[in-house]
């Protein structure tokens, strides 16, 4: 089984040898390897059973190091980086020749970010390479936000889990593609398009016509529990429950319980209607509900605004193919 600990020097040694290690970030735990080593990156894909066409994000601890792995770093990228890094924003830019095709899934672009987690920033400062680090779970399943989640799914497959506690944001980063002067939203996160426009004066194009896989988080089915999950708005949710016949149901609601369902079978994302708290609780509560003795998870959509857009996107993808 994996060792869970805080020994950064041990993690550095493992990564330099080409091994995989789970690392904490402010968003979710990542399955990390040397992002410039083809063999190490291949281990990520194999361990997660991740589709080869799904690119990875490279993590570094400075803008100077980002410049080494991208072809150009245009002014709009510079402004976004200085405004939101370290933090839950990923930029997709033209890649440099140093980035192997397996890391970018054959694309001419690479996704990059500086995470906002003290332990991982310290780790990155000790490494001569960026870390590729998709979520530390089996591909398509619920993302891990604490060491125990990683241990449950990958504990027999990796040597070490760097313990950084519970993730403070709890859902994956916002992803923007920089295409010359245009900026496209590829994945919604806790940094909204509206916040980007307000702080940077950069117009974010939300409806990208190109539906090809250009970054992580774009697969139709993602973040899924083992149990069947269905997501509705509140009115539809209550109507579904009323018409359900003898089904064992558990509920993921936004801020108030459903009267007809036993309270122990329910989780509330935020009684304060706090979207950041809801995001932080989302995956952990899905893990808890997935372990209950019920047949079905019913989830309530949040208002379709701000961070609610990102949470609803996760719920839609988690319910795909169910």
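In this simple spin-label approximation, residue 83 and residue 118 carry label points 7 Å from Cα along the Cα→Cβ vector, and these lie 2.8 nm apart. Ranked for footprinting exposure by Cβ neighbours inside 10 Å, fewest first, 187, 234 give 234, 187.
Counting only DSSP beta bridges with both residues in the chain, the antiparallel share comes to about 40 percent. Counting Cα-Cα pairs of segment 58-108 in 10 Å increments starting at 0 gives whole-percent bin shares of 23, 58, 18. The spread of Cα positions in segment 228-319, taken along each principal axis and listed from longest to shortest, comes to 36, 25, 25 Å. Report, to the nearest 10°, how far helix 307-319 tilts away from the longest principal axis of the Cα atoms in the chain, using its own Cα long axis and a range of 0 to 90°. On a 0 to 90 degree scale, this one is about 80.
Per-residue Cβ neighbour counts within 10 Å put 158, 102 in the sequence 102, 158, beginning with the fewest. Roughly what angle does helix 75-84 make with the longest principal axis of the chain, taking Cα atoms, 0 to 90 degrees, to the nearest 10? Once rounded, one gets 60 degrees.
Summary of the geometry: segment 241-314 and segment 45-116, compared by the centres of their Cα atoms, lie 33 Å apart. Across all directions, the average projected area of the convex hull around the alpha carbons of segment 3-205 is 9.9 nm².
Annotation for residue 17 and residue 72: the two label points, set 7 Å from Cα along the Cα-Cβ direction, are 4.3 nm apart. Residue order for 90, 47, fewest other beta carbons within 10 angstrom first, comes to 47, 90. With contributions of -39500 (n - 2.57) from each DSSP H run of at least four residues, the per-residue ellipticity at 222 nm computed over the chain stands at -9500 deg cm²/dmol.
Read-outs: derived from the displayed coordinates by stated rules, not from any lab. These numbers were taken from a predicted model, which means no experiment stands behind them. Glycine gets a Cβ as well: all are built from the backbone with ideal geometry, and neighbour counts include every protein chain shown.
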